[in-house]
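Encoded as structure tokens, the structure appears first; notes follow it.
The values are calculated or read from the model by the stated rules, or taken from the named source; none is laboratory data. Note that the structure is predicted; figures quoted are calculated from it, not measured. Note that each Cβ is placed from the backbone with ideal geometry, even for glycine, and that neighbours are counted across all protein chains shown.
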């Protein structure tokens, strides 16, 4: 894992070489000399730390399969039930599909993924097993963090809690949750269950919270209460958190202050059709904030792409980010921000950091982000994992 | 302008040939025979009527120039003033730039464009002259409709009304307007002026209305009042119309009913950071509705692309359109909807229609739209104007 990367512009700055030794950045400077070390030419491309997909569902995609004709509409419960049935009808293989999805992300410059994996009483741990196999197969190419996710509900489907516990025992990294009121109809029961699981197993939590306005604020308050009581500061994340987008400024400020106090992270997809947490405001307040593409080409919708630059654009459009500095903020949320949420050690483009990086073709960093620029090279811990937008490992 | 287009799937249906004679669709069917007529192979691609860019600004783009570093932020007045100064500082040539922009649109399958062109007391009619030259140069490749647009304000900049009148005399097709309250600070003065201009010259109107909520509803009411009084039913369009996205259902319903009564068209960009008119609701109510990419790669923001399939995706994301039928609705707004707003005669893919069409590579229509599919061929009145996403006419 030694590599000399010649002629790149670190985060859009002046041209330099990057010397990688034993998978870490050893030096950055002009005309570095490292006899015997393999060389890659950057041709003046911009180098940025690896992109971080911090909210997705590797077990859901139909990529590479027949076109999925969506006739479900937009009701959350209907979409959930439809998907649980469609998995069987389509013959959706979670290992094969998660390989396709993860390799597409690697091709697009991604070095870290947090994925939710459905755990339900129809399919048991089948999706977990498929994604665990993908994680093993892609070890050294991308780091995959797995959230055991009760997509179909927890209290409303007895047996799910035991499955979540089994998932944690078999390798899931975090406990997931979902709309304690809106889907599970029992916020106390839902949150007590997942917090108890996390507490007992010493795991973190990442909860899907689509609930908006007052309802979401209520659930968020219950989440804060349990985070505080159990001493889980810094170990909880809330995905979507649409309630933080409500227009009531003092109300949202109180929520943001409480998030900072308990160091609860927020993950956004920049959902264009919903109220969303405002990136600039939350980041300025000190909230750790990452982003994700959500499910890609699945039974939910056809629009999402496995590409964190595409997601930076959507987050930016939703947040009305226009100036170059704000374009760079959108990129930061889709890279360093996600890494902070995932607790990645040694992330960055400084000497000593792990050599996780991608190249972007563009004159300035903002241009590269706005263009969804070509990515000639992805490097994971000093190893080339993708060239010209395509992973070197062939997808099944 | 005779052409035999072999092996295409009209709007995603069964494979057929399309015979074009004298620029019109003469026949659609299997294995058509037309000795002596030039042949193009469709290779099974989907054929759709030409895409319609119904709200853009051909005079604003910096495409093909140096990267524009945006440090302005998001205040509307500040962005307007910044641009007026930047035109000179950047040496932005309106003919050259509008050629680049229009040719990119042709490459992406566009056959009709409605563009606003800035008219102000600093630059006079310079932008109009540049875009008129582009319209002449591209005659037969794309139809360009021009709105004389008082971007910097009308009542607040004396002399602008006379310039608008001169623009109409020199070839602009419609009178534009802009935020009668928010920017011009004189809604009665602003609207009386542009309606009088349109009435006297027998032209239509297309007003930018960013004003949201109650303010926008007030301005819309004044627009309705003048449309009714002057008998301009069917000749007025409102662009953006964020006020129609306000959550008050009976309030917006009353506005929609009034729009239908006066046949006022709505043009949307699906702005992800704003409340927007809901496409399904307005279309179902009978409002003529088109869409546009707005300004592309200009001093306002770096995100918009000259591509109506990209815009269909953004409109769909903003409107939470997911099912295949709704994906097709998003495409329809970006094609037939815009054509209806522009009053294009003979638009469509039926025998007798003008042969304005583009090919999309994809298994289904929804897949092609979701993918922003490759466009192997654009055809305008039977003439091939673009291949593989690039216009045949070279951009300056």
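Points worth noting:
- Taken over segment B:285-318, the criterion of being in a helix (DSSP H, G or I) and either within 11 Å of another protein chain (Cβ to nearest Cβ) or at pLDDT below 95 (or both) is satisfied by B:310, B:312, B:313, B:314, B:315, B:316, B:317, B:318.
- Residue check for residue B:22: in contact (Cβ under 8 Å) with a residue 40 or more places away in the chain, surrounded by fewer than 24 Cβ atoms within 10 Å (Cβ to Cβ), over 21 Å from residue B:388 (Cα atoms) and away from every other protein chain (no Cβ under 14 Å): yes
- Matching residues, segment A:68-81, being touching a residue at least 60 places away in the same chain (Cβ under 8 Å) and within 11 Å of chain B (Cβ to nearest Cβ): A:68, A:70, A:72, A:79
- For segment B:228-254, filtering for residues that are assigned to a helix (DSSP H, G or I) and surrounded by 24 or more Cβ atoms within 10 Å (Cβ to Cβ) leaves 2.
- Residue match in segment A:210-225 (condition: crowded, with 18+ Cβ neighbours inside 10 Å and either free of Cβ contacts under 8 Å to residues at least 24 places away in the same chain or within 14 Å of chain B (Cβ to nearest Cβ) (or both)): yes
- Among the residues of segment B:73-94, just one is touching a helix residue (DSSP H, G or I) at 6+ places or on another chain (Cβ under 7 Å) and crowded, with 19+ Cβ neighbours inside 10 Å, namely B:94.
- Test: residue in segment A:93-104 that is within 14 Å of another protein chain (Cβ to nearest Cβ) and within 24 Å of the chain's Cα centre (by Cα): yes
- Of the residues A:174, A:138, the single one that is within 22 Å of the chain's Cα centre (by Cα) and within 27 Å of residue A:220 (Cα to Cα) is A:174.
- All strands (runs of 3 or more DSSP E) inside segment B:86-180 with 2 or more residues being at pLDDT 95 or above and farther than 19 Å from residue B:197 by Cα: B:110-118, B:143-149
- Taken across segment A:265-284, residues that are within 14 Å of chain B (Cβ to nearest Cβ), touching a strand residue (DSSP E or B) at 6+ places or on another chain (Cβ under 7 Å) and under 22 Å from residue A:148 (Cα atoms) do occur, with at least one present.
- Selection of segment A:198-219 for residues being in a helix (DSSP H, G or I), under 22 Å from the mean Cα position of the chain (by Cα) and closer than 19 Å to residue A:173 by Cβ yields only A:198.
- Among residues of segment B:181-197, those that are farther than 27 Å from residue B:169 by Cβ and either assigned to a helix (DSSP H, G or I) or touching a helix residue (DSSP H, G or I) at 6+ places or on another chain (Cβ under 6 Å) (or both), counted: 1
- Test: residue in segment A:345-353 that is touching a strand residue (DSSP E or B) at 6+ places or on another chain (Cβ under 7 Å), closer than 17 Å to residue A:52 by Cα, in contact (Cβ under 8 Å) with a residue 24 or more places away in the chain and buried (at least 24 other Cβ atoms within 10 Å of the Cβ): no
- When A:296, A:260 are screened for being touching a residue at least 40 places away in the same chain (Cβ under 8 Å) and in contact with a helix residue (DSSP H, G or I) (Cβ under 7 Å, 6 or more places away or on another chain), only A:296 passes.
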